[in-house]
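I have placed the structure first, in the form of structure tokens, so that the comments after it can refer back to it.
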Amino acid sequence: MTQQDNSSLEQENIKGRSHSQELVKGKGEIAPMARTEVLQGRLLGDQRVRTIYPSHSSLRKVHDGVLEATSATDVPRDGFGRVRYNIKRFFIGAPIASAQAEHERLTKFKALAVLSSDAISSVAYATEEILVVIIAAGSLALSLAVPISLAIVLLLAIVAISYRQTIPAYPNGGGSYIVAKDNLGTLAGLIAAGSLLIDYVLTVSVSVASGVQNLASLLPSLSPYVVLVDVVLVVFITVVNLRGVRESGSIFAIPTYIFIASALFLIVVGGVKGFLFDHHAIIGHFKYVQATEGLSLFLILKAFASGCSAMTGVEAISNGIPAFKKPEPRNAAITLTWMALILGTLFIGITLLATSYGVEAYQSGNPTVIAQIAQLVFTGPLFFMFPVFQISTLFILTLAANTSYSDFPRLASLLARDHFLPHQFAFKGDRLAFSIGIVFLAFLASLLLIIFKGDVSLLINLYAVGVFMSFTLSQGGMVRHWWKLRNEHPGWQRSLTINGLGTITTLLVAIVIASTKFLEGAWIVVILIPLLVLMFELIRHHYTRVEQERTTDIPIQPQNVKHRVIVPVAGLDIITKQAVSFARSITDQVIALHVSSHKEKADALLMAWEEWQQELGENERCSLQIIALEHGPITSRILTFLDAQHKEFPQDIVTVVLPEVSVKHWWEYFLRNSVALRLKAALLFKPGIVVTDISPYKQLSPAIPQQVETVAIPLHPSQVKHFFVVPIAGLDKVSKQSLAYARSISSRVAAIHVSIDAQEEEQVRHDWDAWKHHLSADENTELVVIESPFRSLSRPLLDYIDTMRELYPDYALSVLLPEFVVAHWWEHILHNQTALQLKAALLFREGIIVTSVPQHLPSAARAHSNLQPIVPM
């Protein structure tokens, strides 16, 4: 610790009035970040005021009741933690503060690369998909590729103009999900969201697989390893996106523009060479291919449906409006227009080159159509452009996945905010990216690539169904939007007409794609979307039920809390005495419980116990109850005793104090405290049982277990001073009950809220101020807000606990953690379980007492109430 001494009170009054005022200002704080002591000098009236500061706290005091976590808070203090931290920093980069979010936004130049790469890259395979389908009617039918492509470009223009209507109407982004949910209802919004999530996963899979196929066209020796290369590229893109939106935009912008430039160059050179010098017709000479089926409307529509894969990714810009620099709607609309123009130009140009040069599509996909075109165009002096173009195609196809990496996590965060996905998806990582969504997308895409062996033809059949469903719902929602604004928006008729046209056309396309591709794989998407919607509803139902029904038996008023404490003891050492002293300082209703199968040992313990009790005052003693262990595990006998106590005293809050042995090495903990761990696990599913873990001393010599140094908890209950730290996420009923439990024991209680969102912090303050008006002076508790600019929840809290432990070593510092107990293992996925993380971190911190207040759903409590864990002794 650092200390500041002043030689006398008189000198302090003269020279340091500002410092004295600071001390007076901090008097009302329960847990200030500095402690003052008044020391008596040798002469009468000679005093010194000493201010003690923490030696290594990374928290900065903003003002009374508000602290700020600095960048040093996230740096682990142990060696292994530092190694992990440095590895993470090497790949991901240093954390970015929330205040820097504005600087992480995209310019139009970068946004076109990040949000349009999916749509633009589709020109590398969209023409090929048309030719692969239409060839079934024979080589003469290949001439239909041009009118089909023109129809797709017309559809692109309609959709782009429609989305230009959506951008100013919904400047906060969200795209199809938000538009459909606001105007057509929650079900429509969830269908749109499910469709887009599937499309984003397929975008990554198709883009990467197509890119690697083009690379295999250049390097045929890679063909046996395409799946491995696919997965490696997915991992690479994932790591880059975890570094943040702006940085990924900087990295991926150059390859995107290289492809656009080289593709335009290919079209110009190919057009000049083919039409001016070689006098090609628009429909060139194809090698004769015999028809395997007749030319029909169904086949034409099927080819059209395949070519509509060029439309995927068009909605990405309207979804990602918040990623743009200000003014966001204007920049997004300009970028959307440029994307549509580039996509339409490249798609028509490549289709015309394919038909004029008579390029065929191979079922194997190797070589690709675009690779064949480049090989025919880039000859003579331009031969070097072929590998350049192929590599740029690989880059754009691979980087097309980046659009999904931008929009999938953002859409998942919106669903998580509305309780339709696990809340973890709403948390931003170190680099202001939605890290959970990014990693989850990479996992799903890699799984698809492995299952379908990187085959674009198989993956493409699942493609575009979902995206056109979301197009339809979004445009339909905009029609309803303009109708609702018909009395307020002057040009509502024009806007409604544009979006109405978009709705009709995209609906027809969605029906065409679903029907023509149904048996070839589209059925998977058609079935998967309702299953996703069902999953969304079940997750929301779970969260709603948790908020409404989770409960604990603790009264909400401190004066109504009646304590009954049970202390299981194995022997009478210092740790046991401290645990009993701690329990006895809470209430006089304390029972020390010893379970034994050896009568001689039990009698010896009882005799030693009575001798120790004689050393204590009348109001400090407690009884020892010995239970004979006839058969079965110790934990079962203790649980039976607790059930009896709970039934006999239903109004009392039963707390089990578990004395645990501190160890030198972490792995020794599980060996030395095995019975306590088994009992703790069993008590977790016992409704109404509060569990307190005490490990309040450190062992000085491993060879002499009894040689210990006491910390914080005196052996006399009257000398125990309590200090409670209660982390709260908000001021709900459970938080109030936890605070009441702590307040019923001590007046020194600090409620800690770690703030990672300004709006959430404001809501907590508002609720706290409103709640305080209903409290008496005896119930008042201090709220301490720790602002976490780097969005960490546990590390600032741990740093605060360590600081309080250092500043107030003479207090029994208890961390009270409300702990939600789920009924099924899979429900752990839906909860962040911050309390469990904190418990694990506090497990090896000396002198920290951890009290867990379990919260159960009524059904979960009933399910576990009759469980008798069978754990060997």
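The values are calculated or read from the model by the stated rules, or taken from the named source; none is laboratory data. For clarity, every value in this text was computed on a predicted model and none was experimentally measured. When we count neighbours, we look across all protein chains shown, and the Cβ atoms used for this are built from the backbone with ideal geometry, even at glycine. Accessible surface is based on the protein model in full, side chains and every heavy atom, while ligands, DNA and RNA are left aside. Shrake-Rupley method; radii C 1.70, N 1.55, O 1.52, S 1.80 Å.
Tabulated results
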| read-out | value |
| --- | --- |
| Percentage of interatomic Cα-Cα distances in the chain larger than 43 Å | 46 percent |
| Two-decimal ratio, segment 548-620, of alpha-carbon radius of gyration to 2.2 N^0.38 Å | 1.41 |
| Segment 590-609-segment 232-251 distance, computed between alpha-carbon centres (Å) | 63 Å |
| Dipole magnitude of the chain about its Cα centre (Cβ charges: Lys, Arg +1; Asp, Glu -1), debye to nearest 20 | 1240 debye |
| Evaluated at q = 0.15, 0.20, 0.25 Å⁻¹: base-10 log I(q)/I(0), Debye formula over Cα of segment 719-759 | -0.39, -0.62, -0.83 |
| Whole-angstrom Cα spans of segment 292-350 along principal axes, big to small | 55, 22, 13 |
| Crossing angle, helix 492-516 versus the chain [Cα axis fit, 0-90 degrees, rounded to tens] | 80 degrees |
| Cα centroid of segment 281-330 to Cα centroid of segment 184-203, whole Å | 20 Å |
| Mean Cβ neighbour count within 10 Å, used as a protection proxy, ranking 595-607, 489-501 highest first | 489-501, 595-607 |
| Percent accessible area from carbon and sulfur atoms, the chain, protein chains only, probe 1.4 Å | 62 percent |
| Low-density loop positions, chymotrypsin sites (Phe, Trp or Tyr not before Pro), segment 315-381 - DSSP coil, at most 16 other Cβ in 10 Å | Tyr362 |
| Cα-based radius of gyration of segment 166-217 once divided by 2.2 N^0.38 Å, which approximates compact folds | 1.58 |
| Surface accessible to a 1.4 Å probe, Glu102 within the full protein complex, Å² | 70 Å² |
| For q = 0.14, 0.21, 0.26 Å⁻¹, Debye-computed log10 I/I(0) when each Cα of segment 166-253 counts as one equal scatterer | -0.72, -1.02, -1.15 |
| Shape parameters for segment 51-207, alpha-carbon atoms, Rg then Dmax in Å | 25.5, 92 |
| Segment 208-267: proportion of alpha-carbon pairs further apart than 13 angstrom, % | 70 percent |
| Equivalent ellipsoid semi-axes - Cα gyration tensor, segment 514-577, angstrom | 56, 20, 6 |
| With 10 Å bins from 0: P(r) over segment 218-332, alpha-carbon pairs, percent | 9, 17, 31, 27, 14, 1 |
| Principal axes of segment 505-551: Cα extent on each, largest first, Å | 53, 23, 6 |
| Charge tally in the Cβ shell below 12 Å around Val456, where Lys, Arg are +1 and Asp, Glu are -1, Val456 excluded | -3 |
| Proximal charge balance of Phe91 [Cβ under 13 Å; K/R count +1, D/E count -1] | +3 |
| Under 30 Å from the Cα of Lys772 - lysines, other chains or at least 8 residues apart | Lys25, Lys27, Lys61, Lys562, Lys721, Lys733, Lys736, Lys839 |
| Degrees, to the nearest 10: 794-807 long Cα axis against longest axis of the chain | 20 degrees |
| Between helix 401-417 and the chain: long-axis angle, C-alpha atoms, 0 to 90°, nearest 10 | 40 degrees |
| Helix-only [θ]222 nm of the chain, DSSP H runs n ≥ 4, -39500 (n - 2.57) each, per residue, nearest 500 | -17500 deg cm²/dmol |
| Summed side-chain charge close to Val114 - residues other than Val114 whose Cβ falls under 14 Å, Lys, Arg +1, Asp, Glu -1 | +3 |
| Mean projected area in nm² (Cα convex hull; one quarter of hull surface) for segment 282-388 | 10.2 nm² |
| Options Val561, Ala740, Gln165, ranked by Cα towards positive dipole end of the chain, top entry (Cβ charges) | Gln165 |
| Kirkwood-based shape ratio for segment 238-300, expressed as Rg/Rh from alpha carbons | 1.28 |
| Rg to Rh, two decimals, where segment 490-628 supplies the alpha carbon set and Rh follows Kirkwood | 1.53 |
| Heavy-atom accessible area per residue - the chain, 1.4 Å, Å² | 44 Å² |
| Largest-first ordering by accessible area, 1.4 Å probe, given options Val377, Val272 | Val272, Val377 |
| Distance from segment 149-173 to segment 787-846 (C-alpha centre basis), Å | 48 Å |
| Mean projected area (nm²) of the alpha-carbon convex hull when segment 417-484 is viewed from all directions | 7.1 nm² |
